[in-house]
Amino acid sequence: MLFDLGNTLVYSRPEETFKRILDEHGIVESIDDVKQALIRGNKEFDIDKHVGLSAHEFYTKWNLVQLKHLGVKGSGARRLAEEIDTLWWKFAKFFVYPDVKETLQRLKQMGLKLGIITGGYVEDIEKILPNVGLEKFFDVCVGVNTTGKRKPHQKAFTYALGQLGVKPQEAVFVGDNYEADYLGAKKAGMIPVLIKRKGPSNQRLFTEVCLQPASDVRTIRRLDEIFEVLEKLNS
């Protein structure tokens, strides 16, 4: 059983983190202005062009784009962009969805191997999981810099399966993005499940134009509904 991370197991509010760091540097912006800057910056930022960079350089360049949309330019922008990356984990707050820990515990008790495949960096996973108390559950964690490819590229999925020693048809993948998670896992030969949560969620750190799910997509609203899916698969 493998999972996406953001908006599937955990969520955050990156605009709030960004604003806190700006406040620390005496740059006062409203939360709405920061949020809109992130939305515009995310549309401009070419993720695939930068995934080969180190995590620090990747996020420094990402921060530079956001700062540009806040009107912060010039010689000091690069230094501030680097500082934002350095301070990010001091100010960032991540939240685990209330149904996650119990679900993961039950899955482990069933003897299933668990893993994460995320579009973030391995360094992100290593910070987030201990922050929300999920570090003990997973047998493999795959970030974009693990393989140099991000979902829906097949390499991200096949690498995780290889590490677990599991055949694709024996693996279920749960994620919130139809194209990257559902179709990516399906093309890899896995059993895909789309989670469409209600309630708290984060503005995606990297906003993307997503395909609309087809009518026959296997969908759950809460993570603990995965047991109903497993029961049907085994019947």
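Ranked by the mean number of other Cβ atoms within 10 Å of their residues, highest first, the peptides 27-33, 14-20, 41-47 come out as 14-20, 41-47, 27-33. Kindly express, to the nearest 10 degrees and within the range 0 to 90, the angle between helix 154-164's C-alpha long axis and the longest C-alpha principal axis of the chain. Helix 154-164 sits at roughly 60 degrees to that axis. For the range 50-82 versus the range 84-140, the inter-centroid distance based on Cα atoms is 26 Å. To the nearest ten degrees, helix 100-109 and the longest principal axis of the Cα atoms of the chain are 40 degrees apart. DSSP finds beta bridges in the chain, and of those with both partners inside it, around 20 percent are antiparallel. For the chain, find the longest principal axis of its Cα atoms and tell me its angle to the long axis of helix 55-69, 0 to 90°, nearest 10. That helix lies at roughly 60 degrees to the long axis. Shape summary: the chain maps onto an equivalent ellipsoid whose semi-axes, from the alpha-carbon gyration tensor, are 33, 18, 17 Å in decreasing order. Listed cross-link partners LYS113/LYS196; LYS127/LYS198; LYS49/LYS127; LYS108/LYS136; LYS108/LYS167 are compared with a 20 Å cut-off, the Cα-Cα value being larger for LYS113/LYS196; LYS127/LYS198; LYS49/LYS127. Rg and Dmax of the range 12-91, based on Cα coordinates, read 11.7, 33 Å.
Every read-out reported here was derived from the displayed coordinates using simple, explicitly stated rules and does not represent laboratory data. Quick caveat: nothing in here was measured; it's all calculated off a predicted structure. Heads up, the Cβs are rebuilt from the backbone with ideal geometry, glycines too, and the neighbour counts pull from every protein chain shown.
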